[in-house]
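K.L.:
I'd like to ask some things about the structure below.
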Ligand SMILES: Nc1ncnc2c1ncn2[C@@H]1O[C@H](COP(=O)(O)OP(=O)(O)OP(=O)(O)O)[C@@H](O)[C@H]1O
Ligand SMILES: [Mg+2]
């Protein structure tokens, strides 16, 4: 029997018992649908993160903080006070309100700077401006995204922040435009905005900054980005009138290393810092841990889909066993006419694979349809604050892989019935009532 | 003397095991020459179909040897057995074994499909076989909608579609009325005479048996040689009497 005839016969056979085939196809459909949706969410979220945080310019940056004090663990209670070491960071230097963390002092900054492989280290200053205003259109709260200079923004218009520039630059999120009185993203570029900030003595001062770019809202921290020059300027206002040394502690510092460093060299720098008591993270580490969480969630969803598919596999075994039994005579007849066992086996496994293909192709197709619709609805609704986020995205390759895997599962499920069909003795099979 | 197409030497077959063991065939020997027509006659349950299945290589004998054109069937490879079943033998089963919902043509060309003949040629040869049996007009009908006689002719068409050397027919007229039975008989003997196809027919019908060159009588799994010498007419009567 030619292969093409086997395939045709197998397809015709699977349609002979429509209800039975239909039910099995539904079981596979559910599994393939779920798997396609979860993989679509994986693709969508990952590609969103990628566009959001392509950390191109920041691959050579380490964020450094004091490593958590090992003596102050939950079981042993707080460590003894050591005046030479501990300075808790005051508000305004990067700590979360209500928390105390070990701060980096000027001494630490020097020590970090001396570490081999570190080219430069800057304490991260956190400025807390009061408001932002454009052209007398009213004052609005300004939230600063401290990570803005570390990442490459997903721009709606304009340019990225330039930390080596000597002008004061601000990168606004799209959500600020309307309130400030800009018609659209393009209209804001190059305009001068006023930023109000209170100094140490409680007097409010104002600084000017140029809008360098407008950024689509990101999931990695909301708020406006400020370049180094502007940050320094605002920090200078912020500490005006402060007693010497009051602002000399920082939650984190950013250190620059050679951009051409290998992964091993970066690890060496991090290990070196760790032995000195500093915790350090590259941008990749930060994003990596974020992606790990997402991957775990998607992995769990996928596991459910695979369980559904395994259940569907038993459906295939059952369907085919019944089909073999129903067609025992036919198998006997074909063998009596010289069909060899291998071909009979192929015939029944092809039927299994076809049922698998039918279920998975329909499931994937439905998933793409439903996923695209839901994704569009969500993009306009719940996720409208995150422009560019398509929660469900489909990669043709992953859909092909899903269909392929389901067909493989179907083939494996068909092995048992197909073997029992192939082993029939023609006369016994023909005598079967 | 030429080598017989089929030669059975003391072949036996038993079914079941232990207390349920039943010796359906207890040692039958026979030679079948090419172009011969042979009738296997005997009471119901005497082992005729069993013998026929063994001769057609559809089942393996438990004892004795079967030679196919001089070669021991046991020594034939699976592939060779399949080739014989597909190309050299045509089988008309006691039941029809037609696929009910497939068309008559599809049923008839099944051996060609198995042989890997391309669709166009398959159709041409299938139609030729159906024409030979005056069934061409029913080619597209579902097999289930044929009358008994038409079904019988369809399975004969299926048996001869691949131009076999031997046709095995198990009770080819058993399900038919006398008139239709006679038509089917004529077709089979025409094939034997005109195409030189060896004919092996299992039958209850004395008239049909009498038309064959030779008769083999089976009783309780053994050849009954006491009957075979009897002149055709008389034997036929005796056999009918035994049945009554
Ligand atoms: N698979 C089997 N298992 C057990 N017994 C069997 C089997 N096949 C046949 N038999 C027995 O073997 C004997 C011979 O059967 P067979 O079919 O050869 O008879 P037959 O001569 O063709 O009869 P009929 O004229 O009724 O077709 C019968 O008694 C039957 O019951
Ligand atoms: Mg019989």
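K.L.:
Would you check if residue B:56 is within 10 Å of ligand 1 (Cβ to nearest atom) and touching a helix residue (DSSP H, G or I) at 6+ places or on another chain (Cβ under 8 Å)?
P.N.:
no
K.L.:
Away from chain A (no Cβ under 14 Å), part of a strand (DSSP E or B), under 22 Å from residue B:210 (Cα atoms) and in contact (Cβ under 8 Å) with a residue 40 or more places away in the chain: does that describe residue B:30?
P.N.:
Answer is yes for this residue.
K.L.:
Wholly within the stretch B:154-244, which strands (runs of 3 or more DSSP E) include no fewer than the required count, namely at least 2 residues that are at pLDDT 85 or above and away from ligand 1 (no atom under 16 Å from the Cβ)?
P.N.:
Fully inside the stretch B:154-244 and qualifying: B:166-170, B:198-203.
K.L.:
Related question: Within the stretch A:361-390, track down each residue that is closer than 24 Å to residue A:309 by Cα and in contact with a helix residue (DSSP H, G or I) (Cβ under 8 Å, 6 or more places away or on another chain).
P.N.:
Within the stretch A:361-390, A:361, A:362, A:363, A:364, A:366, A:367, A:368, A:370, A:371 qualify.
K.L.:
A further question on this structure: Mind listing whichever residues of the stretch A:319-346 are in contact with a strand residue (DSSP E or B) (Cβ under 8 Å, 6 or more places away or on another chain) and either more than 7 Å from chain B (Cβ to nearest Cβ) or without any contact (Cβ under 8 Å) to a residue 40 or more places away in the chain (or both)?
P.N.:
A:337
K.L.:
Related question: Inspect all residues belonging to the stretch B:86-98 and state whether any of them is part of a loop (DSSP other than H, G, I, E, B), away from ligand 2 (no atom under 15 Å from the Cβ) and either under 23 Å from residue B:190 (Cβ atoms) or under 21 Å from the mean Cα position of the chain (by Cα) (or both).
P.N.:
yes
K.L.:
Out of (1) without any contact (Cβ under 8 Å) to a residue 60 or more places away in the chain; (2) within 14 Å of another protein chain (Cβ to nearest Cβ), the odd one out for residue A:372 is which?
P.N.:
So the condition that residue A:372 fails would be (2).
K.L.:
Does residue B:6 qualify as being more than 8 Å from ligand 1 (Cβ to nearest atom) and free of Cβ contacts under 8 Å to residues at least 60 places away in the same chain?
P.N.:
no
K.L.:
Just need a number here: residues in the stretch B:84-118 that are more than 8 Å from chain A (Cβ to nearest Cβ) and under 19 Å from residue A:13 (Cα atoms).
P.N.:
11
The values are calculated or read from the model by the stated rules, or taken from the named source; none is laboratory data. What you see is a predicted model; the values in this text were computed from it and never measured. For neighbour counting, all protein chains shown are included, and Cβ atoms are generated from backbone atoms with ideal geometry for every residue, glycine included.
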